[in-house]
Amino acid sequence: MAFLEKLKEFDIPTCLRVCAGTDGSVTFLLEIMTRNDVSVITENQHVVKADNEMASVLGVNPDEDVNLRTVTLMAGDVEYVHATSMSPLSRMPPGMQQDLMRADIPIGKILRNHGIETRRDFETIRLDNGEDLFGCHKVLSRTYRIMHHGYTLMWIKESFPVDERWNL
């Protein structure tokens, strides 16, 4: 698996390596590691019509309604993750769409609360210098899909600052 091999090569704190490599809920791991509740701070969230690129990524028709959401995950008063997600509304199981639109609930909790069986398919992982995220200039980013019944339920890009905040 190229994703895992690439992750092993990065010189990053172990707690960050665990969060970036999990195929489960980052929110849940952050709560365990920090012993704090994780807050979802919504930067923006709105329904857009899928353009050709979004439609291709999500496997939907152009002009289909897609929930576009950008959030920051904080534990205590520390920012840990910046995340952008795209979710085709037509694929949301009953009840899930309403929770997704609330903006303050982490995606992992929404899936768990609704008992939705999913898997995460990793796409990319990279380490960049010179970006700025939460005052840090070294950023680890990953993209993945949350799959449900063979379809992309969500496409997510998560970015993590690489610094001492991960020395938990």
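Looking at 90, 25, which one is in contact with a helix residue (DSSP H, G or I) (Cβ under 8 Å, 6 or more places away or on another chain) and within 24 Å of residue 123 (Cβ to Cβ)?
25
When segment 107-157 is examined, which residues are found to be in contact with a His (Cβ under 7 Å, 6 or more places away or on another chain) and more than 17 Å from residue 92 (Cβ to Cβ)?
Scanning segment 107-157 gives 129, 130, 131, 133.
Of the residues in segment 153-168, how many are in a strand (DSSP E or B) and of a type in the set (S, T, N, Q)?
Counting residues in segment 153-168 that are in a strand (DSSP E or B) and of a type in the set (S, T, N, Q) gives 1.
Matching residues to (1) modelled with pLDDT under 90; (2) basic (Lys, Arg):
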site: 34; (1), (2): no, no
site: 46; (1), (2): no, no
site: 58; (1), (2): no, no
site: 77; (1), (2): no, no
site: 96; (1), (2): yes, no
site: 102; (1), (2): yes, yes
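Can you tell me which residue in segment 91-129 is nearest to residue 41 (Cα to Cα), limited to those that are of a type in the set (Val, Ile, Thr), out of contact with any Asp or Glu (no Cβ under 9 Å at 6 or more places or on another chain) and outside any strand (DSSP E or B)?
Only one residue tops the list, namely 107.
Could you check, for segment 71-88, whether at least one of its residues is polar (S, T, N, Q) and not in a strand (DSSP E or B)?
No, segment 71-88 has no match at all.
Given the condition of a type in the set (D, E, K, R), surrounded by fewer than 15 Cβ atoms within 10 Å (Cβ to Cβ) and touching a residue at least 12 places away in the same chain (Cβ under 8 Å), answer yes or no: does some residue in segment 136-143 qualify?
Taking every residue of segment 136-143 in turn, none turns out to be of a type in the set (D, E, K, R), surrounded by fewer than 15 Cβ atoms within 10 Å (Cβ to Cβ) and touching a residue at least 12 places away in the same chain (Cβ under 8 Å).
For residue 62, indicate whether it is touching an Asp or Glu at 6+ places or on another chain (Cβ under 9 Å) and part of a loop (DSSP other than H, G, I, E, B).
When the stated conditions are applied, residue 62 passes them.
What's the number of the condition residue 8 fails, among (1) more than 16 Å from residue 107 (Cα to Cα); (2) surrounded by 13 or more Cβ atoms within 10 Å (Cβ to Cβ)?
(2)
Any chance segment 146-161 includes a residue that's under 24 Å from residue 31 (Cα atoms), out of contact with any helix residue (DSSP H, G or I) (no Cβ under 9 Å at 6 or more places or on another chain) and free of Cβ contacts under 8 Å to residues at least 12 places away in the same chain?
no
For segment 130-152, which residues satisfy the criterion of being aliphatic (A, V, I, L, M) and either more than 15 Å from residue 23 (Cα to Cα) or outside any strand (DSSP E or B) (or both)?
133, 139, 140
State whether the residues of segment 48-55 include one that is in a strand (DSSP E or B) and over 14 Å from residue 153 (Cβ atoms).
Yes.
Please find, among 125, 116, 110, the residue that is in contact (Cβ under 8 Å) with a residue 24 or more places away in the chain and under 30 Å from residue 13 (Cβ atoms).
From the options 125, 116, 110, the qualifying one is 125.
Within segment 113-122, is even one residue surrounded by 20 or more Cβ atoms within 10 Å (Cβ to Cβ) and either within 21 Å of residue 17 (Cβ to Cβ) or modelled with pLDDT under 95 (or both)?
Checked segment 113-122: no residue is surrounded by 20 or more Cβ atoms within 10 Å (Cβ to Cβ) and either within 21 Å of residue 17 (Cβ to Cβ) or modelled with pLDDT under 95 (or both).
The values are calculated or read from the model by the stated rules, or taken from the named source; none is laboratory data. Values in this document were obtained by computation on a predicted structure and should not be read as measured data. Reconstructed Cβ throughout: ideal geometry from the backbone, glycine too, with neighbour counts over all protein chains shown.
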